Amino acid sequence: MENDNLKRTPLHAAHLRAGARMVPFGGWDMPVQYAGLKAEHQAVRENVGMFDVSHMGQFRFRGPGALDFLQHVTPNDVSKLRPGRAHYNWLPSEEGGLVDDIYIYQAGEQDYLMVVNAGNIAKDWAHLQAQAGSYDMQMTDESDQWVLLAVQGPKAAATLNELTDADLIAAKRNSFFAGRLLDHDVFFARTGYTGEDGFEVFVRAEEGEALWDALLAGGITPAGLGARDTLRLEAGFPLYGHEFSEDIHPLSSTYAWVVKDKPYLGRTKMDEAPRQKLIGLKLDKIPVREGYPVMLNGENVGVVTSGSTSPTLGHPIAMALVDVAAADAEAFEVEVRGKRHPAGRTELPFYKAK
Amino acid sequence: MTNPTELKYASSHEWLAGDGKVGITHHAQDQLGDVVYVELPEVGREVTAGEAVAVVESVKTASDIYAPASGKIVAVNEDLEGSPEKVNESPFEGGWLFQIEVSEEGEGLMDAAAYEAENG
């Protein structure tokens, strides 16, 4: 199938060479799998896998007003960052939902990089520009300038460490630093979205394909968005458009720690108590999907936001948004094609790395 | 994998055998990826060609399976309850889904050559 209207990352041809099946995702033509979802999932859980996440957006904020601006548009405390450190953060809307969930990396003094979800790049940019007004800083959309590779798995650090001058073994979680990887100048971040240790590697767009090919040749398994989704679901990570949106109170999630006591855009609505809570469900056999109704004592109390059969656990798992009053119940039912199936509540995350 | 010439094929990727057995093609299982659950119709149910009568779930997604013929469901593949991966491993044999006592075949069923032409 041709996807002519979809955007392509600089690695598009490399994905086709690697035998990827391509699907539309957030306006992009992306690899959903190569050899197979389960094998790719397992490679990341037990060894090392690599994802092309170049479709994600990168915005740069530079100048004396950059910190104040980022403090204004996000609820986490950006002043706690230092050059070489990164954190997870949000872009709240004034209406009570999230414009996006993001990562902020402090690259240097008065120099920050924000990574945003692929499908939200244009929306985020407009939202941030509308707030930028009087702040003494420059914001630049660098989304086309970077290839971003997520190299993830228990052997990610040891594998990459052989190929770089940087000390990846000693690097701390959420650290961000420059290094030479094979023949390429890159930035490493010890971050990820799989529930495993790993690095995200920023390389200049024009060098991305050569680096990707070299890492594949070094024995790292390519992994697609299919495995990325099952990995993040097992790890209990919310995905924008599923667990977060313009309409979902972000404090329904287990991420209340993001919000610090400081002034920021959207705080008024954030301070209201959420009416729903995000819970984990497990089922015996039947997979449940986004949108399926969640029932308690015959009443519809919520909806599945993400669901799949867990490749690691071997049974179906799901995240669901349910009414706060129902959230402590142990035994729910999920309606699948008109029939109700038992679903037990379980703690998030479903899986924790050893 | 070649599509057996003795089967008939629907453009929605089901195959129909002479004895009324129904499954999905190698191409379909390859597109779906790892099958983790199969929901089969009740034996004795009367179905109409084109009606969604079963669901094959992969890790990624749930796909409706349409009856390629009208008639009565006379058997289902109970092995799939414990081993849904048979749909991937053996789509034309051990991974069959259900059997119809055919009263009338659906319109537009194709032979193997025509199905392959449609699916490149």
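What follows draws every value from the coordinates through simple rules; no lab data is involved. Keep in mind the model is a prediction, meaning the values are calculated, not measured. Heads up, the Cβs are rebuilt from the backbone with ideal geometry, glycines too, and the neighbour counts pull from every protein chain shown.
Amide H of A:Tyr292: which non-local residues (sequence gap of 5 or more, or other chain) have their own amide H closer than 5 Å, using H built in the peptide plane?
A:Val304
Any chance you could get the radius of gyration and Dmax over the Cα atoms of the range B:8-118, in Å?
12.6, 35
Using the count of nearby Cβ atoms within 10 Å as a rough guide to exposure, how do A:Ser134, A:Ser54 rank from fewest to most?
A:Ser134, A:Ser54
Summing Lys, Arg as +1 and Asp, Glu as -1, what charge do residues with Cβ under 12 Å from the Cβ of A:Lys155 carry, A:Lys155 excluded?
Around A:Lys155, the surrounding residues sum to -3.
Show the residues, 5+ positions off or on another chain, whose built amide H is closer than 5 Å to the amide H of B:Ser103.
B:Ser70, B:Gly71, B:Lys72
Divide by every residue of chain A the summed helix terms, -39500 (n - 2.57) for each DSSP H run of at least 4, and state the resulting mean residue ellipticity at 222 nm, rounded to the nearest 500 deg cm²/dmol. It would help to have the intermediate numbers written out before the result.
Numbers: 8 runs with 69 residues, N = 354.
Using -39500 (n - 2.57) per qualifying helix, the result is -5500 deg cm²/dmol.
Under 1.5 on a/c is rounded, so check that first for the range A:47-114, then, if it is not, pick prolate when a/b is larger than b/c and oblate when it is not; a ≥ b ≥ c are the square roots of the alpha carbon gyration tensor eigenvalues.
Oblate is the answer for the range A:47-114, as a/c is 1.5 or above yet b/c matches or exceeds a/b.
With only alpha-carbon pairs counted, each pair once and no self-pairs, how large is the Kirkwood hydrodynamic radius of the range A:85-182 in angstroms?
15.8 Å
Counting Lys +1, Arg +1, Asp -1, Glu -1, what net charge surrounds A:Asp111 among other residues with beta carbon under 15 Å of its beta carbon?
Charge balance near A:Asp111 sits at 0.
Considering amide H positions built from the backbone, and no H for Pro or chain starts, which residues 5 or more places from A:Gln276, or on another chain, come under 5 Å of its amide H?
A:Val324
How big is D, in µm² s⁻¹, for chain A by Stokes-Einstein at 37 °C and 0.692 mPa s if Rh is the Kirkwood radius over C-alpha pairs? Working shown, then result.
Numbers: Rh = 21.1 Å.
Rounded, D is 156 µm²/s.
Taking 0.36 nm per residue of separation and subtracting the Cα-Cα distance, what length does fully extending A:Ala13 through A:Val303 add?
Length gained between A:Ala13 and A:Val303: 100.6 nm.
Starting from the coordinates of the alpha-carbon atoms of the range A:275-346, obtain the Kirkwood hydrodynamic radius over all distinct pairs and give the value in Å to one decimal.
11.6 Å
Springs between alpha-carbon atoms under 10 Å, Gaussian network over chain A: tell me which of A:Ala43, A:Ala122, A:Ala86 tops the mean-square fluctuations.
Residue with maximal mean-square fluctuation among A:Ala43, A:Ala122, A:Ala86: A:Ala122.
Counting other beta carbons within 10 Å of each residue's own, what order do A:Ile220, A:Ile169 fall into, fewest first?
The most exposed by this proxy come first: A:Ile169, A:Ile220.
Picking from A:Glu207, A:Glu243, A:Glu330, which is most flexible by a Gaussian network model of chain A using Cα springs under 10 Å?
Ranking A:Glu207, A:Glu243, A:Glu330 by mean-square fluctuation puts A:Glu330 first.
Semi-axes of the equivalent ellipsoid of the range A:250-305: what are they in whole Å, largest first, if each equals the square root of 5 times a C-alpha gyration tensor eigenvalue?
Working: eigenvalues 181, 32, 16 Å².
Gyration-tensor ellipsoid for the range A:250-305: 30, 13, 9 Å.
Within the set A:Lys262/A:Lys354; A:Lys155/B:Lys86; A:Lys38/A:Lys155; A:Lys123/A:Lys155; A:Lys38/A:Lys277; A:Lys352/B:Lys86, which residue pairs have Cα atoms separated by over 28 Å?
A:Lys262/A:Lys354; A:Lys155/B:Lys86; A:Lys123/A:Lys155; A:Lys38/A:Lys277; A:Lys352/B:Lys86
Assuming R0 = 30 Å, what is the FRET efficiency of A:Glu206 and A:Ala39, from their Cβ-Cβ distance, to the nearest 0.05? Mind dumping the intermediate values first?
On the way: r = 31 Å, r/R0 = 1.03.
Plugging the Cβ-Cβ distance into 1/(1 + (r/R0)^6) gives 0.45.
Write down the Å³ per residue value for the convex hull defined by the alpha carbon atoms of the range A:208-354.
Values: hull volume 24.7 nm³, N = 147.
Hull volume over Cα atoms, normalised by residue count, gives 168 Å³.
With θ set to phi - 60° and the Karplus curve 6.51 cos²θ - 1.76 cosθ + 1.60, what are the ³J(HN,Hα) couplings of the range A:218-230 in order, to the nearest whole Hz, using x for Gly and Pro?
Values, residue by residue: x, x, 7, 6, x, 10, x, 5, x, 5, 4, 6, 5 Hz.
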